[in-house]
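Step one of this worksheet: look at the structure below.
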Amino acid sequence: MRIVVIGGSGHIGSFLVPRLVRAGHEVINVSRGSSPPYADVPEWQQVRQITADREKEEREGIFGDRVRELGPDVVVDLICFTLESATALVDSLRKSAVHLLHCGSIWRYGVSLKLPIVEGADSAAEPTDDYGLRKRDIARALKEETASGGLATTSIHPGHIVGPGWFPIGPLGNLDPAVWHTISSGQPLKVPGSGTELMHHVHADDVAQAFEKAIHNRDAASGEDFNIVAPTALTVRGYVRMASSWFGQEPRMETVSWEDFRRTTTPEFADSSWAHLSRNHCMSINKATALIGYAPAYEPEQAVYQSVQWLIDNNQLKVPKLRI
């Protein structure tokens, strides 16, 4: 098949594009051309590169037509963030037999109500942030498009993506590198809440696997949406324990109120922590497993470990080397 990947040089695409090439597909990567893929592997030599400024071309009303004119059997859209952008692409592709796959996010769900969170159920409240609302609206529109007899679509909703080349959401639910300095030095980590809040990570290659499985199981995937995460979720307490062991340290954690926590960090990091931990997400992957054969290879701590190891090896995180 001829597969067009929009935004294929990013974290997911760096794993997905080589997978598709190895599977024998003709792959075209459409990107702004501003950054190389995270993994420089031989498969990229077989990929046709198309440079496009999506935002500019969408304003001109030509982006969707450019994608359609590439003659794809499948389009994988990894960088769609508004309903208007998704609708424009669907309108351009609707008269073709293309299978459109969209990259969403588990942030289409608000705070958890029942765990694990299942697609299409009353497992979570509606999101309240702009990003989550937009991802929810896109997923709903795509589902309705296919259900009404229009374009074949599938939406894939990853958890917190980690792996080589990526700074992980840490035990406090944010990207503060100071967290890793505290843990690696054996100092007590101030944790807001109870320490039992959940986060659900996923390795970028497992996300890529899900896209590949959906492509190869078009009939089962058409019109569906899938949670794509690791087999298990991490509690804050468990995350601190595992991360401490990587540095040969005993876990030291001090729970504090959210008010006290906000006084110890920046507003940006505090807001990120609240956004992640208040959701308390643990997702079900039963639907993806049953319909498209999704089988994640990485537990969350394995995926995070690879992220931290890569950051240390590439001098992006100045902490002691991992011991295990």
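The values are calculated or read from the model by the stated rules, or taken from the named source; none is laboratory data. These figures come from a predicted structure and were not determined experimentally. Positions of Cβ are backbone-derived with ideal geometry, glycine not excepted, and every protein chain shown enters the neighbour counts. Ligands, DNA and RNA are stripped out before the accessible areas are found, and what is left, the full protein with its side chains, is counted by its heavy atoms. Shrake-Rupley method; radii C 1.70, N 1.55, O 1.52, S 1.80 Å.
Overview of results
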{"item": "Solvent-accessible surface (1.4 angstrom probe) belonging to residue 305, in square angstrom, nearest 10", "result": "50 Å²"}
{"item": "Reciprocal mean inverse distance between Cα atoms of segment 113-231 - Kirkwood radius, Å", "result": "16.7 Å"}
{"item": "Mean Cβ count within 10 Å, highest first, over the residues of peptides 265-271, 141-147, 1-7", "result": "1-7, 141-147, 265-271"}
{"item": "Cα gyration tensor shape for segment 1-70, rounded if a/c is under 1.5, else prolate or oblate", "result": "oblate"}
{"item": "Degrees between helix 300-313 axis and first principal axis of the chain (Cα, 0 to 90, nearest 10)", "result": "80 degrees"}
{"item": "Unsatisfied cross-links (Cα-Cα over 19 Å) in the set 143/287; 114/135; 56/95; 213/287", "result": "114/135; 56/95"}
{"item": "From the C-alpha gyration tensor of the chain, square roots of 5λ in Å", "result": "35, 22, 18"}
{"item": "Over 21 Å [Cα-Cα, segment 162-279], rounded percent", "result": "44 percent"}
{"item": "Cβ-Cβ FRET estimate between residue 178 and residue 260, R0 fixed at 22 Å, reported to 0.05", "result": "0.85"}
{"item": "Full-extension gain in nm, residue 53 to residue 95, via 0.36 nm per residue minus C-alpha separation", "result": "12.7 nm"}
{"item": "Acute angle (nearest 10 degrees) that the helix 83-93 long axis makes with the longest principal axis of the chain, alpha-carbon atoms", "result": "30 degrees"}
{"item": "For the chain, share of DSSP beta bridges that run antiparallel, in % to the nearest 5", "result": "10 percent"}
{"item": "Whole-angstrom gap from segment 17-34 to segment 280-324, using each part's C-alpha centre", "result": "23 Å"}
{"item": "Accessible area (Å², per residue) of segment 172-247, counting only protein heavy atoms and a probe of 1.4 Å", "result": "29 Å²"}
{"item": "Cα gyration tensor shape for segment 45-149, rounded if a/c is under 1.5, else prolate or oblate", "result": "prolate"}
{"item": "Angle between the chain longest axis and helix 11-22 axis [Cα atoms, degrees, rounded to 10]", "result": "50 degrees"}
{"item": "The chain - mean residue ellipticity at 222 nm from DSSP helices (-39,500 (n - 2.57) per run, n ≥ 4, rounded to 500)", "result": "-11500 deg cm²/dmol"}
{"item": "Among 179, 17, 207, residue whose mean-square fluctuation peaks in a GNM of the chain (springs only between Cα atoms under 10 Å)", "result": "179"}
{"item": "Distant-in-sequence amide H partners of residue 152 (H built 1.01 Å from N, under 5 Å)", "result": "100"}
{"item": "Projected label distance in nm at residue 113 and residue 148, using a 7 Å step from Cα toward the beta-carbon", "result": "2.6 nm"}
